[in-house]
Amino acid sequence: MRDQSDIGELGLEGIESEQPLPVNDILDILRLILRVEPLDVLMQKTVDTISESFGMKRVSLGIADDKTGLFHPRALHGFPPENVVAIKSHAYTLDRMKNDLRQELRIGRSCYYVRAEDQRTQYSDDPDYTVNSELAEMPRISPTDWHELDYIDFVMVDRLGNWIGWIEIDEPLDREVPSRDVLDRIQVLSDLAAIAVENSKTFEEAVNAMNDSKAYLDLIIHDIGNMVTPLLFYLSMMNASKDLNGRTSEYATNAATCASEMKDLVEKVRKLSELKDSEPSPRMTFDLNKVLPQCAEAIKKDFPAKKVIVSHDLPAGSCMVEADDLIHELFKNLLSNAVKYTPGPSVQIGVRLRESQSAYTVVVEDHGRGIPDSKKDQIFRRFAKRPDGFDGTGLGMSIVALLSERYDGLISVKDRVAGDCTMGTCFEVSLPKADN
């Protein structure tokens, strides 16, 4: 590192005492850093801010590629278009970076002043950073004079101290070596920019992961869904054929059941995706005394191989709540869950409706194998593990929970017979009355 006499000769006076940043500079920097933006936008704003705030004619910024480890110039200010294209085509290794920014050239914590006279190696990409070749051939006039081949780099480091990029001053407007005060202020911006780059990378990774997930979701919903439908058709045709023997017919029936479950999974994924991504539809009023019997009849059709008996205990008159068309999905999933987890060919489900001053509570009781207390708080999570011996994805109850929340309601689960989970399960969904 240079001693203070060297720094004074270079025009970097005032190193002994760091000057506080003006309030406007601090606010500008914080506004820049606190906004999580796409990486290229952030980097361009950084070099533009440095140029405008500190009187710099040409500024460049580069960052390391996480996959290759190479450093690439990504944002430039003040360079002719042809130079910008050429500079952005270059890539630098960490070894070259550290060879260029040697310890003896360090004039601050992460600041390196590389004068024309200090450059050991001439690189093929050097002319791309040179705007005036005639000035590059001229000698330095005074120690404070900026030479065409000079540059000052502020190394950006991550939270672990690794080099992740640089901010480079390639030419001040007044062609004078910047003062220590200016360099200190740019150093602060460089440190904050490093944090912003990390945040922006995290943001972009999250966006990319979300886009990838959406692509996979579209694959499941569209492509796999389209494949299941003809599969179900051909399997039904096989079952209807008289050419199958008993064992082959059993295989075809089992395959049709699997395909039907695949179709059900695709439909649930689609509905769950829509619920998570879409804004609620405009509310309408629905009469629970009509919705619940409609859902019960739909469930009976969905399980033709089982005898589904739904007993209703509903009050007289209308029981109006505010919801959208998906309210049927809420109760169909509850009833479907009761059918799936009740073994045997016959299923008994009780549906009751209780009224309080401000809400209606729908109670759905089944006689299935029940849910242990240790599992009750997990069943509304996506992909919750099913009880041993039962198939399923766990998405149905997630839809129930999301829709209950969508309608400002509450859902709970308990044993049908208090203290004995093996006697079946009781779900309660409370929804606000429409007039409330």
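Odds and ends about this structure:
- Here Pro81 meets each of (1) surrounded by 13 or more Cβ atoms within 10 Å (Cβ to Cβ); (2) over 17 Å from Val197 (Cβ atoms); (3) modelled with pLDDT of 90 or more with one exception, condition (1).
- The set of residues from segment 41-59 being crowded, with 22+ Cβ neighbours inside 10 Å and over 30 Å from the mean Cα position of the chain (by Cα) comprises Ile50, Met56, Val59.
- Qualifying residue in segment 366-382 (condition: at pLDDT 85 or above, in contact with a helix residue (DSSP H, G or I) (Cβ under 6 Å, 6 or more places away or on another chain) and on the phi < 0 side of the Ramachandran plot): yes
- Complete set of residues in segment 106-135 that are over 27 Å from Gln187 (Cα atoms) and hydrophobic (A, V, I, L, M, F, W, C): Leu135
- Only one entry of Met43, Met1 meets the criterion of being of a type in the set (A, V, I, L, M), part of a helix (DSSP H, G or I) and either modelled with pLDDT under 90 or not assigned by TED's automatic domain parsing to the domain that holds Leu149 (or both), and that entry is Met43.
- For segment 296-325, the set of residues classified as buried (at least 18 other Cβ atoms within 10 Å of the Cβ) and over 17 Å from Ser430 (Cβ atoms) consists of Ala296, Ile299, Val308, Val310, listed by residue number.
- Flag if Arg159 is more than 23 Å from Ile186 (Cα to Cα), loosely packed, with under 12 Cβ neighbours inside 10 Å and in the same structural domain as Asp184 (by TED's automatic domain parsing): no
- Qualifying residue in segment 105-117 (condition: in contact (Cβ under 8 Å) with a residue 12 or more places away in the chain, touching a His at 6+ places or on another chain (Cβ under 7 Å) and not charged (D, E, K, R)): yes
- Test result for Ser346, over 27 Å from Ala256 (Cβ atoms), surrounded by fewer than 17 Cβ atoms within 10 Å (Cβ to Cβ), in contact with a strand residue (DSSP E or B) (Cβ under 9 Å, 6 or more places away or on another chain) and of a type in the set (Gly, Ala, Ser): no
The values are calculated or read from the model by the stated rules, or taken from the named source; none is laboratory data. All values derive from a computational prediction rather than experimental measurement. All Cβ positions, glycine included, derive from the backbone under ideal geometry; neighbour counts span all protein chains shown.
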